[in-house]
């Protein structure tokens, strides 16, 4: 690989005798990975049904290698059922090392396209709130799709600069993941195009940006809360020195140990301030592990949390008029095994949402989604959403049509086509949930064997 000379000179200076092994790793085939959505399927069940060869990633509990030269997992119906997310193996590390407890308020500050946010949402398992932010509107739309595809039930998808978020969320979050914009040195093998922005912007540009984002991130972290910082670069200015900056900005922050894997490398105190605690950080090197370059640091803010800003919902009974408007939703929900908290149902025009436990609408904030979009309350009917279909787990809804993963009608459905069933093959009428091997894909409307396609138009296969 033709690497920038300035990059090679710097890495040779940093690595010394290791540099030749490091350089040789760029001629190796890149590794491909997928992460199982354990809110929908266990590792064991996934291993039984996966139709292509996978191998366990040893440092990721629900991660697997696959051969990207032989298979295209994104084209398989299981991908469209949200059973797994395609993600570079090293990039799975940050979310795997941030412990999430039930009812936590969690922020993924630079979240698009959603690889880390989806795993954080799975760990919350529908409790608390997952705030996933990206400053780019187009990237935030991709983030929303991945959150909905994964069936996350408690999302708040935001499109704001971090400093503006901090005005709303001071001392609010139990856990924050900041996968910082960086020079991308660790991704040169996976995405050679990254070298162009690396050469045009330089390390100093990103180091400055990271500090600007760290300041509001620290402000939003509760006393006692944990902040995980990560990059996909080797640059000390963006790694150890960024952690030095965070600690100088907030002396209450302490670097804490990360769950270890024997091929991780420690952070290098000598590349920062010399603080020995920098050795608790993790460096992933491509010549020592089957993955691209990564840096991970976990910090905790000392102190005991107070209530912070009051953003929680006030429990209140529904008005009789609202309950009447939701009559057809309640009729639909009789076939759904969820225990719904009626106080979290919110009707916005015709659209019905199930709001997160800890947060309500915040005036003036730009967001793409606050809560799980359940569907539309229309004149004398309720039409369920694609997001609701994906949030339903196997066995949670009664009116289903389940087809084999090899049934050609699955792909036709994903393309938006109407499906015709033979006499006696299916029964029922109205909205039905089409599944692959029991795992939901989306809705359709059944009438006399004709299944009218309701799969999300923007998600359809070309």
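The table below lists the values:
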| item | result |
| --- | --- |
| The one condition in (1) crowded, with 19+ Cβ neighbours inside 10 Å; (2) under 27 Å from residue 164 (Cα atoms); (3) touching a helix residue (DSSP H, G or I) at 6+ places or on another chain (Cβ under 8 Å) that residue 225 fails to fulfil | (3) |
| Criterion: under 18 Å from residue 213 (Cα atoms) and crowded, with 24+ Cβ neighbours inside 10 Å - qualifying residue of 133, 159, 154 | 133 |
| Index of the failed condition, residue 455 passing every other in (1) touching a strand residue (DSSP E or B) at 6+ places or on another chain (Cβ under 8 Å); (2) surrounded by fewer than 21 Cβ atoms within 10 Å (Cβ to Cβ); (3) part of a loop (DSSP other than H, G, I, E, B) | (2) |
| Contacts under 9 angstrom Cβ, first residue in region 381-396 being at positive phi and in contact (Cβ under 8 Å) with a residue 12 or more places away in the chain, partner surrounded by fewer than 17 Cβ atoms within 10 Å (Cβ to Cβ) and not in a strand (DSSP E or B), 6 or more apart | 395/337; 395/438 |
| Residue identified as at pLDDT 95 or above, under 18 Å from residue 91 (Cα atoms) and surrounded by fewer than 16 Cβ atoms within 10 Å (Cβ to Cβ) among 262, 257, 239 | 262 |
| Selection within region 187-212 - under 16 Å from residue 243 (Cα atoms) and buried (at least 20 other Cβ atoms within 10 Å of the Cβ) | 203, 206, 207, 210 |
| Residue identified as in contact with a helix residue (DSSP H, G or I) (Cβ under 9 Å, 6 or more places away or on another chain), within 23 Å of residue 382 (Cβ to Cβ) and assigned to a loop (DSSP other than H, G, I, E, B) among 416, 442 | 416 |
| Strands (runs of 3 or more DSSP E) completely within region 17-96 that count 3 or more residues being within 25 Å of residue 288 (Cβ to Cβ) | 32-36, 54-56, 63-66 |
| Of all residues in region 374-404 being in contact with a strand residue (DSSP E or B) (Cβ under 8 Å, 6 or more places away or on another chain) and more than 30 Å from residue 49 (Cα to Cα), the one that is surrounded by the fewest Cβ atoms within 10 Å (Cβ to Cβ) | 376 |
| Filtered residue count, region 284-317, keeping only those that are at pLDDT 95 or above and touching a helix residue (DSSP H, G or I) at 6+ places or on another chain (Cβ under 9 Å) | 17 |
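Every residue, every condition in (1) free of Cβ contacts under 8 Å to residues at least 60 places away in the same chain; (2) under 24 Å from residue 191 (Cα atoms), yes or no:
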residue	(1), (2)
205	yes, yes
210	yes, yes
218	no, no
222	no, no
229	no, yes
248	yes, no
253	yes, no
256	yes, no
280	yes, no
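The values are calculated or read from the model by the stated rules, or taken from the named source; none is laboratory data. From a predicted model like this one, the values you see are computed outputs, not experimental measurements. Virtual Cβ from ideal backbone geometry, glycine too; neighbours counted across all protein chains shown.
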